[in-house]
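J.: Pasting a structure here, questions to come.
The values are calculated or read from the model by the stated rules, or taken from the named source; none is laboratory data. Note that this is a predicted model, so its numbers are computed, not measured. Please note: Cβ atoms are built from the backbone with ideal geometry, for glycine as well, and neighbour counts cover all protein chains shown.
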There are 2 protein chains.
Amino acid sequence: MPDAAPDAAPDAPARAVAEAAATAAPLRLGIAGLGTVGIGLVKIVQAHADLMALRTGRRIEISAVSARSRARNRSADISAYRWEDDPVALARRADVDVFVELVGGEDGPAKAAVEAALEAGKDVVTANKALLAHHGQALAELAEARGAVLRFEAAVAGGIPVIKALTEALAGNAVRRVVGVMNGTCNYILTRMESAGLPYETVFSEAEQLGYLEADPTLDVGGIDAGHKLALLAACAFGTRVDFASVELQGIERVTIDDIRHAADMGFRIKLVGIAQMTGRGLEQRMAPCLVPVDSPLAQLPGATNMVMLEGDAAGRIVLRGAGAGEGPTASAVMSDVLDIARGTRLPTFGQPAASLQAAPPARAAAPTPWYLRMTLIDKPGALAKVAAALGEAGVSIDRMRQYDHPDSFAPVLIVTHSTTQDSIEHAIDRFALTGVLVGEPVALSIASV
Amino acid sequence: MPDAAPDAAPDAPARAVAEAAATAAPLRLGIAGLGTVGIGLVKIVQAHADLMALRTGRRIEISAVSARSRARNRSADISAYRWEDDPVALARRADVDVFVELVGGEDGPAKAAVEAALEAGKDVVTANKALLAHHGQALAELAEARGAVLRFEAAVAGGIPVIKALTEALAGNAVRRVVGVMNGTCNYILTRMESAGLPYETVFSEAEQLGYLEADPTLDVGGIDAGHKLALLAACAFGTRVDFASVELQGIERVTIDDIRHAADMGFRIKLVGIAQMTGRGLEQRMAPCLVPVDSPLAQLPGATNMVMLEGDAAGRIVLRGAGAGEGPTASAVMSDVLDIARGTRLPTFGQPAASLQAAPPARAAAPTPWYLRMTLIDKPGALAKVAAALGEAGVSIDRMRQYDHPDSFAPVLIVTHSTTQDSIEHAIDRFALTGVLVGEPVALSIASV
């Protein structure tokens, strides 16, 4: 019974169903990791035991838990659950049916415990994108060999059911393209820079103090975390082996408040956008800051909100939006996988048997787009002409070019190109180096029409 | 293999999986109704046979079909399938595992055929919102009694996986509220009135000529079709029995181009919005044209696009957007249910056993909102004062009031109230009738903050 209806006592038929669920074998969880998401999961199990029993026909119970510190003060009471210091021991417990891995990290205890659970034939639910981005193929094969399921809805876009949408709702579609804004921290930083007019470094420090950043902030601002998610989506979308190593990655560290202002002047916002698509040349996967039109749905995403667009040949474009992180949303996604298991739904990890996932050759993004280039030139006659010449030699034509007022001997220059390929832009940047008039590396951002 | 990758031949492991699928028992469909959606489904089966076998481990085949006219020219070749004139006979065929009902209509052959299939223990997938809005409880009970599943993703919001999101992704949540724009025809009419500045009657005729309207257009413009969908969503969201009879329904027939212009002047758009929520007083279900802020996601929905927001206590607000109708999107949703069945996923119709669905008392919307009122007064001294007095007597306070220039003896008056309840607005309208100064019925639209 939803807690939104506290006054409605269950009637006789609902009680009968609840009683039937009470006699069915419960589904017993072992939860490794009691951080934000783990505690969120404990709260759902405690708050919605009857509701979930009605919906699945089984009681969802927690047998045992594990975390780094037993003594830590937590916002949920875990005293009723058995304790394991070692997540691997937890994964092997006889009273655990589903091992829930919320430890994190691409190797170490998370991997060891997931492997131990699968080896023992136990189902696994994880929110660990790094683990699956690096070892997804091997773990999916292990799960299938042992007759276990391994699911990871919570690893991508928090509470948004994007894995379910791809692998189930769109199972009758050839998926053409997946586009997403999937790192709430980057989106927070970019949104806040624009709204408060603050430089990157200041907002980065704010985000750090607010606890928004991973222990290794490069995972967030370097686009790695979002790249992990994109690689998982691509595998589900195109039936390919997870290939994180081939994701073209560019972080947001070099986006300045000036870039954001220039983009706004031209009617764009800067977002960290991931695009994956299968082409005749191979699989394109790119996660990079892009300029998107200010009136596009992607541009209007505030703070930590995530959005994913899925394009199927029959369904057309489906857009899903919601909280990309946080205790409740991520725990809700973990629980969605657990409840599928409770109901007897057993799907392969990436939506089709692991052995049938194809090793697609990586392909560079070939569709031409306009590009935004920002660079600093040594302020001497002919510098700008040399840059323009380099662009021309690379076959890139200029739409707009501006040199800004500058107090010192370095001249900031902004160029918007006509539509061209990433290869041409990179050729041009290579040629810039030969001109001897640039200070530092130029910033190059594609202008996406999504 | 997705057709987006025509160059990539399946490698050996993929071939092995495909061969295994070829030896598994195929899932055999009987499709009743070969209109837009039925033909879309035939096309998916024909285009993606290998892809779907990879994803489910079984071949999806069509055994037999049925429609009103066998001779009609169709955009897909159906000559390989057996023909039945009678959908009930189709539903009973021994070579049909899943009966797909795309006939439509709340009674008649659709209902008879679905009942026949369920009686025979066959699984049923339908896109028929009217059938389920009226007979959902009885059909769900019949399905469960016979060990069959009855699923209806395509009945609500076309290609958007909103039933799956509610019954599966949010299964660990108490759902607080469901909000949706779910009738593409109404949204097309309202959008087109605003963008072209055309009166309702003109755009209605356009929509009729474009084939956007149901045979009985009241189903669309009267809000009935959208009301059916809201009643189905409410059942899934709150674990209640489908109660279409209690949906408060208001169509768009009385929305004028003046209303749209006045709303735009104030920063709003008019959309046909459905809201369902469970409260301590009972179940609120309301489908009515509302003013929504022009910068809200709902206001920005173009033409036939649908959007649904689901609010869960853990997941927060999840927004889903996509094509609400059409051959591909609706067929994709039908196929999603079929493929769930092929994979062995077997859920109760409304996400929990039919016997456990509660009969919730209907409740009127109690949350106060501002209201937009438009009426026509007889142009004589004191008329406006009488209307203002009636509002005051009903406890409704006025935020803004405007009387427009008018060439004749009838004065159009526009009022925006401060936040007040629907009951108070209706009291006020009852009192208006006693003033003797109104011409016709006033138009009252709530101003939603969604």
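J.: Taking segment A:277-318 only, how many residues are closer than 22 Å to A:L373 by Cα and in contact with an Asp or Glu (Cβ under 6 Å, 6 or more places away or on another chain)?
T.: Going through segment A:277-318 one residue at a time, the tally reaches 1.
J.: Just name the residue that is nearest to the other protein chains (Cβ to nearest Cβ) out of those in segment B:312-326 that are among the charged types (D, E, K, R) and in contact with a Leu (Cβ under 9 Å, 6 or more places away or on another chain).
T.: Filtering first and then ranking leaves B:R321.
J.: Let me ask you something else. Just give me the residues in segment A:189-217 being among the hydrophobic types (A, V, I, L, M, F, W, C) and free of Cβ contacts under 8 Å to residues at least 60 places away in the same chain, in sequence order.
T.: Of everything in segment A:189-217, those that are among the hydrophobic types (A, V, I, L, M, F, W, C) and free of Cβ contacts under 8 Å to residues at least 60 places away in the same chain turn out to be A:A196, A:L198, A:V203, A:F204, A:A207, A:L210, A:L213, A:A215.
J.: Run A:N73 past the list (1) closer than 24 Å to B:T167 by Cβ; (2) over 28 Å from the mean Cα position of the chain (by Cα) and report the number of the one that doesn't hold.
T.: Every condition holds for A:N73 apart from (1).
J.: Now for a different question. Looking at B:G280, is it surrounded by fewer than 23 Cβ atoms within 10 Å (Cβ to Cβ) and small (G, A, S)? Explain how you work it out, then say what you get.
T.: Details: surrounded by fewer than 23 Cβ atoms within 10 Å (Cβ to Cβ): yes; small (G, A, S): yes.
Judged against the criteria, B:G280 is a match.
J.: For the subset of segment B:132-178 comprising residues that are among the hydrophobic types (A, V, I, L, M, F, W, C) and part of a strand (DSSP E or B), which member is nearest to the other protein chains (Cβ to nearest Cβ)? Outline the logic, then answer.
T.: Our first condition is that a residue be among the hydrophobic types (A, V, I, L, M, F, W, C); within segment B:132-178, this holds for B:132-133, B:138-140, B:142-143, B:145, B:148-150, B:152, B:154-157, B:160, B:162-163, B:165-166, B:169-171, B:174-175, B:178.
Those still in the list that are part of a strand (DSSP E or B) too: B:150, B:175, B:178.
Working: B:L150: 16, B:V175: 6, B:V178: 11 Å.
Residue satisfying both the conditions and the ranking: B:V175.
J.: Do we find a residue being crowded, with 24+ Cβ neighbours inside 10 Å, in contact (Cβ under 8 Å) with a residue 60 or more places away in the chain, in contact with a strand residue (DSSP E or B) (Cβ under 9 Å, 6 or more places away or on another chain) and over 26 Å from A:R317 (Cβ atoms) anywhere in segment B:151-170?
T.: no
J.: Sticking with this structure for a sec: Run down A:A366, A:A385 and say which single residue is in a loop (DSSP other than H, G, I, E, B), among the aliphatic types (A, V, I, L, M), modelled with pLDDT under 95 and surrounded by fewer than 18 Cβ atoms within 10 Å (Cβ to Cβ). Before you say what the answer is, go through the steps one by one.
T.: On the way: A:A385 fails: in a loop (DSSP other than H, G, I, E, B).
It is A:A366.
J.: Please go through (1) out of contact with any helix residue (DSSP H, G or I) (no Cβ under 8 Å at 6 or more places or on another chain); (2) surrounded by 18 or more Cβ atoms within 10 Å (Cβ to Cβ) for A:A304 and return the number of the only condition it doesn't satisfy.
T.: Among (1) out of contact with any helix residue (DSSP H, G or I) (no Cβ under 8 Å at 6 or more places or on another chain); (2) surrounded by 18 or more Cβ atoms within 10 Å (Cβ to Cβ), the lone unmet condition for A:A304 is (1).
J.: Filter segment A:271-294 down to residues that are of a type in the set (A, V, I, L, M), more than 13 Å from the chain's Cα centre (by Cα) and within 14 Å of chain B (Cβ to nearest Cβ), then give me how many there are.
T.: 3
J.: So B:I425 clears everything in (1) at pLDDT 95 or above; (2) within 30 Å of the chain's Cα centre (by Cα); (3) loosely packed, with under 14 Cβ neighbours inside 10 Å except one condition, right? Which one?
T.: Here B:I425 clears every test but (3).
J.: Determine if segment A:298-311 includes at least one residue that is β-branched (V, I, T), at pLDDT 95 or above and either assigned to a helix (DSSP H, G or I) or under 25 Å from B:L166 (Cβ atoms) (or both). Before you say what the answer is, go through the steps one by one.
T.: Of the residues in segment A:298-311, the ones β-branched (V, I, T) are A:305, A:308.
Add one more test, that the residue is at pLDDT 95 or above, and what stays is A:308.
Now restrict to residues that are either assigned to a helix (DSSP H, G or I) or under 25 Å from B:L166 (Cβ atoms) (or both): A:308.
Yes.
Yes/no per residue for (1) among the aliphatic types (A, V, I, L, M); (2) within 17 Å of A:H262 (Cβ to Cβ); (3) outside the structural domain of A:Q277 (by TED's automatic domain parsing):
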| site | (1), (2), (3) |
| --- | --- |
| A:I378 | yes, no, yes |
| A:A385 | yes, no, yes |
| A:L414 | yes, yes, yes |
| A:F432 | no, no, yes |
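J.: While we're looking at this one, here's another question. Among residues belonging to segment A:330-343 that are over 17 Å from B:D313 (Cβ atoms) and within 7 Å of another protein chain (Cβ to nearest Cβ), point out the one that is surrounded by the fewest Cβ atoms within 10 Å (Cβ to Cβ).
T.: Across segment A:330-343, the extreme among qualifying residues is A:R343.
J.: Test B:A127 against the stated conditions and say whether it is crowded, with 18+ Cβ neighbours inside 10 Å, within 12 Å of B:I31 (Cβ to Cβ) and small (G, A, S).
T.: On the way: crowded, with 18+ Cβ neighbours inside 10 Å: yes; within 12 Å of B:I31 (Cβ to Cβ): yes; small (G, A, S): yes.
So B:A127 passes the test.
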